[in-house]
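**Q** I am attaching a structure below and will ask some questions about it afterwards.
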Amino acid sequence: MGLFGKKGELPALQPPRPGAAGAADFFVTRMEEMVSWARKNSLWPFPFATACCGIEFMSVAAAHYDISRFGSEVVRFSPRQADLLIVAGTVTDKMAPVLRKIYDQMPEPKWVISMGVCASSGGFYRAYHVTQGIDEIIPVDVYVPGCPPTPEQLIYGIMELQKKIASGEKSRDSRSAKFAAEQLS
Amino acid sequence: MTVALETALSPAAERVRERVAASPVAGRAEVVDRDLPTIEVSPKDWPTLARFLRDDPGCRYDLFLDLCGVDNLRRRGQKTRYEAVVHLHSLPSNERVRVRVLLPDAENPSLPTVCDTYPAANWFEREAYDLFGFEVPGHPNLHRLLCHDAFVGHPLRKDYAPGQRWFFAEEDLRMPEWSKETDVRAGHFETQTISIGPSHPATHGIIHLVVRLDGERIVRAETMIGYLHRCFEKMAEKHHWNQIIPYTDRLNYVSAMLNGVGYVRTVEKMLGMEIPDRGRLARTILSEFSRIMDHCVCIGANLVDIGALTNFIYLYQNRENIYDLLEACCGARLTVSYVRVGGLAVDVPEDFVARCRALLESIPVLIDDVEKLVTNNRIIRNRLSGTGVVTKEQAVAWGMTGPMLRASGVPYDVRRAHPYDFYDKFDWDIPISQDGDNFARYLVRIEEMRQSLKIIRQALDVFPAKGPINSDDWRVVLPPKDAVYHDMESLIYHFKLTMEGIRVPAGERYEWIEGANGELGYYAISDGRGGPYRLKVRPPCFPNMAAFEQIVVGGTVSDAIATLGTLNVIAGELDR
């Protein structure tokens, strides 16, 4: 993952201190990668749990699947304290403005996982009151299929997002990407 | 012969006819015999009849169950375009009646309110106004309930296109009139109005509560729902009978199996078919496990809301264990889609009984652990005892059923009052409490889980190891694949069932089971096609939630959160 620099650029190790049993005191990496590494391993999710998928999200957060193994167990119910929006469940046209508002309230940088087919495309609710996918309203980073997705699927989605963050790819939201670029420049 | 059929009423219908003949609307209301005794009445007589049905000592229909609008535009042989179908239950006599209010005006259908007689009718009438455009003269708060406020038209009318959406923006949201006024009284601080929800950790699913606070006390509240209105009923009209089963799973997604069982029972009753005992027992066992799952989430989430996180982990482990059983049966964890009209989708796994018995060992341990942590916990007692009190009279008037009603002291359980499957053969008790507060509801749910285990244990004892699980009526159940490949007739049945759906005879039926949070009823109308003409769910938490805005007045915000948890509101079922 580039934590120790790119291939071929071995970090310059200092000789070990006397008594420290061969351990290195520091390593060299790029600032950008260090920040990405920290971000991807401490995603604080805001569970926008509206329906059935919310129950599966509860499974992911509970003891058996234990999302904290991926550094994401600090579930925040205030958008101001979260950087990952997990939209779990059907979003209706009545709920759509609320979702947009919550997304706008989240600080940069932020990512969105669309959990389940209802959030991704409206699912089998092709009907008069159901938003046909949340990407009508907000940008989405990872779509997790399933009705509802199994906890493994959601965890896979989170891991995919972690890869994306680690690779340095910016959020799909242009403002978010711009902000992140400014922060790092 | 036809004449004889029309005049010979069942004893129940005969009794209803006698009572109606003695009522103020005698001569203007007609009693016919369907699956339930049915009274047909005009809208202007409806409030009078409603009051009579509630108060007359020979009727005492005190529980208002359901109000279902029907648009007869594409249905032959009906007297009026619109009608409202009401189901009433009498707790003293354990009898039911259906009232069809025929609305003669096809342009501006008008249904006078019965809110003063049955407070439970309030939200049902708003729903009919919203989805069918029935004017409800005399209604205290006639606004859209499920659809958003910028919606145009009435979606459950037959001439409304199912996919027609309308744009909704934040400023279109209707806030209650009273919430916009400032309320300054002499000697008081100014009250403030706040919104709890729609996105709030304690509003299970999405519920929007607008409250006016005086200090920390709630002086007025209004609940706004519909944030998860997924158009179940419109979707049902567009699908075949069996295709609706995945939609029913997503009504009360916490106990998906129960919804499916309730739904297919309705269709099976319309078809007049029986399924083999083994299939019924499998359904019973999985239904009771689903009830335990539901109560686990209800109690666990409620305790999380009031700050006790550990119990949630314990209770949720029960769910994970039951998920393993469901996954072995049908491959899905949450939304199982396991039942079919006429039986089950596939046979239960070979180690079904062993798996169930293992669960019977593990579940009580975890329930005991939670009880040790919670039941005598000082903080929990202070938070739950004496808050969210619902008296017996209030519970009945508000149309509550299930643990809510039983915690208020009414021993009404559908499994006892209207036994289906084998519930009358098993030995189990109905837990009740006289307190009617949050703590009583917690205790009732804990005890119900134990009773469910008791039922499962008895069902497993008689569960046949081998035998058919489905009916062998190939007009309803798909024939075995082997036969389809080698036998022309089976192939034809397979084709017809897949392409056209089950042919359910024209008619109507209301069937009800004990859902996890109350009476779960399905009212289906068939016009002989492969799918329903109209399908209405009676969601058990709908009347509970309607009463919420009255229960919380006088308490604090933190009490309201605790109360919302014990109501066990599941948004998928509430908003459909």
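**Q** Only one of (1) more than 21 Å from the chain's Cα centre (by Cα); (2) closer than 30 Å to residue B:547 by Cβ; (3) not β-branched (Val, Ile, Thr) is not met by residue B:11, so which one is it?
**A** Only one criterion is unmet by residue B:11, namely (2).
**Q** Moving on. Which pairs have Cβ atoms under 7 Å, sit 6 or more apart or on different chains, and link a residue in the range B:326-342 that is free of Cβ contacts under 8 Å to residues at least 24 places away in the same chain to one that is hydrophobic (A, V, I, L, M, F, W, C) and not in a helix (DSSP H, G or I)?
**A** B:330/B:336; B:330/B:345; B:330/B:346
**Q** For residues in the range B:105-140 being touching a Cys at 6+ places or on another chain (Cβ under 9 Å) and assigned to a loop (DSSP other than H, G, I, E, B), which is surrounded by the most Cβ atoms within 10 Å (Cβ to Cβ)?
**A** Applying the filter and picking the extreme gives B:136.
**Q** Can you tell me how many residues within the range B:338-348 are on the phi < 0 side of the Ramachandran plot and crowded, with 19+ Cβ neighbours inside 10 Å?
**A** So the answer is 6.
**Q** With a cut-off of at least 1 residues that are surrounded by fewer than 19 Cβ atoms within 10 Å (Cβ to Cβ), without any contact (Cβ under 8 Å) to a residue 40 or more places away in the chain and among the charged types (D, E, K, R), name the helices (runs of 4 or more DSSP H) lying wholly within the range B:358-415. Steps first, answer last, please.
**A** Values: elements: B:378-384, B:392-397, B:403-407.
Ranges flagged: B:378-384, B:392-397.
**Q** Test residue B:319 against the criterion of being closer than 30 Å to residue B:385 by Cα and not small (Gly, Ala, Ser), and give yes or no.
**A** So residue B:319 passes the test.
Residues checked against (1) surrounded by fewer than 20 Cβ atoms within 10 Å (Cβ to Cβ); (2) more than 26 Å from the chain's Cα centre (by Cα); (3) more than 13 Å from chain A (Cβ to nearest Cβ); (4) among the aromatic types (Phe, Trp, Tyr):
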| residue | (1), (2), (3), (4) |
| --- | --- |
| B:308 | yes, yes, yes, no |
| B:316 | no, no, no, yes |
| B:320 | yes, no, no, no |
| B:327 | yes, no, no, no |
| B:336 | no, no, no, no |
| B:350 | yes, yes, yes, no |
| B:355 | yes, yes, yes, no |
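**Q** What residue, among those in the range A:61-78 that are buried (at least 16 other Cβ atoms within 10 Å of the Cβ), within 16 Å of the chain's Cα centre (by Cα) and within 11 Å of another protein chain (Cβ to nearest Cβ), is nearest to residue A:123 (Cα to Cα)?
**A** Per the stated criteria, the residue is A:61.
For every residue, the table says whether it meets (1) within 11 Å of another protein chain (Cβ to nearest Cβ); (2) of a type in the set (S, T, N, Q).
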| position | (1), (2) |
| --- | --- |
| B:203 | yes, yes |
| B:210 | no, no |
| B:219 | no, no |
| B:223 | no, yes |
| B:230 | yes, no |
| B:233 | yes, no |
| B:239 | yes, no |
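**Q** Another question, if that's okay. Which of the following residues is within 27 Å of residue B:422 (Cβ to Cβ), assigned by TED's automatic domain parsing to the domain that holds residue B:302, in a helix (DSSP H, G or I) and out of contact with any Pro (no Cβ under 9 Å at 6 or more places or on another chain): B:453, B:478, B:460?
**A** B:460
Conditions (1) farther than 21 Å from residue B:240 by Cα; (2) without any contact (Cβ under 8 Å) to a residue 12 or more places away in the chain, marked per residue:
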{"residue": "B:460", "(1), (2)": "yes, no"}
{"residue": "B:465", "(1), (2)": "yes, no"}
{"residue": "B:472", "(1), (2)": "no, yes"}
{"residue": "B:479", "(1), (2)": "no, no"}
{"residue": "B:482", "(1), (2)": "yes, yes"}
{"residue": "B:488", "(1), (2)": "yes, yes"}
{"residue": "B:493", "(1), (2)": "no, no"}
{"residue": "B:497", "(1), (2)": "no, no"}
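**Q** Further question on the same structure: What is the one condition in (1) within 14 Å of chain A (Cβ to nearest Cβ); (2) of a type outside the set (Gly, Ala, Ser); (3) surrounded by fewer than 18 Cβ atoms within 10 Å (Cβ to Cβ) that residue B:254 does not satisfy?
**A** (3) is the only condition that residue B:254 fails.
**Q** A further question follows. Yes or no: residue B:472 in the same structural domain as residue B:347 (by TED's automatic domain parsing), out of contact with any helix residue (DSSP H, G or I) (no Cβ under 9 Å at 6 or more places or on another chain) and at pLDDT below 90?
**A** The answer is yes for residue B:472.
**Q** Is one or more of the residues making up the range B:282-298 away from every other protein chain (no Cβ under 14 Å), not in a helix (DSSP H, G or I) and not charged (D, E, K, R)?
**A** no
**Q** Among the residues of the range B:419-432, are any in a helix (DSSP H, G or I), in contact (Cβ under 8 Å) with a residue 60 or more places away in the chain, surrounded by 18 or more Cβ atoms within 10 Å (Cβ to Cβ) and not hydrophobic (A, V, I, L, M, F, W, C)? Break it down into steps so the answer makes sense when it comes.
**A** Pass one, the range B:419-432, residues in a helix (DSSP H, G or I): none.
No: the range B:419-432 contains no residue that is in a helix (DSSP H, G or I), in contact (Cβ under 8 Å) with a residue 60 or more places away in the chain, surrounded by 18 or more Cβ atoms within 10 Å (Cβ to Cβ) and not hydrophobic (A, V, I, L, M, F, W, C).
**Q** Scan the range B:454-476 residue by residue and report those that are aliphatic (A, V, I, L, M) and crowded, with 20+ Cβ neighbours inside 10 Å.
**A** In the first step, residues of the range B:454-476 are kept if they are aliphatic (A, V, I, L, M); the result is B:455-456, B:459-460, B:462, B:465, B:469, B:476.
Passing the criteria: B:455, B:456, B:459, B:469, B:476.
**Q** Just checking, which of B:524, B:506 is within 30 Å of residue B:83 (Cα to Cα), touching a Pro at 6+ places or on another chain (Cβ under 9 Å) and of a type in the set (Gly, Ala, Ser)?
**A** Going through B:524, B:506 in turn, just one is within 30 Å of residue B:83 (Cα to Cα), touching a Pro at 6+ places or on another chain (Cβ under 9 Å) and of a type in the set (Gly, Ala, Ser): B:524.
The values are calculated or read from the model by the stated rules, or taken from the named source; none is laboratory data. Predicted, not measured: the structure shown is a model, and the values here were computed from it. When we count neighbours, we look across all protein chains shown, and the Cβ atoms used for this are built from the backbone with ideal geometry, even at glycine.
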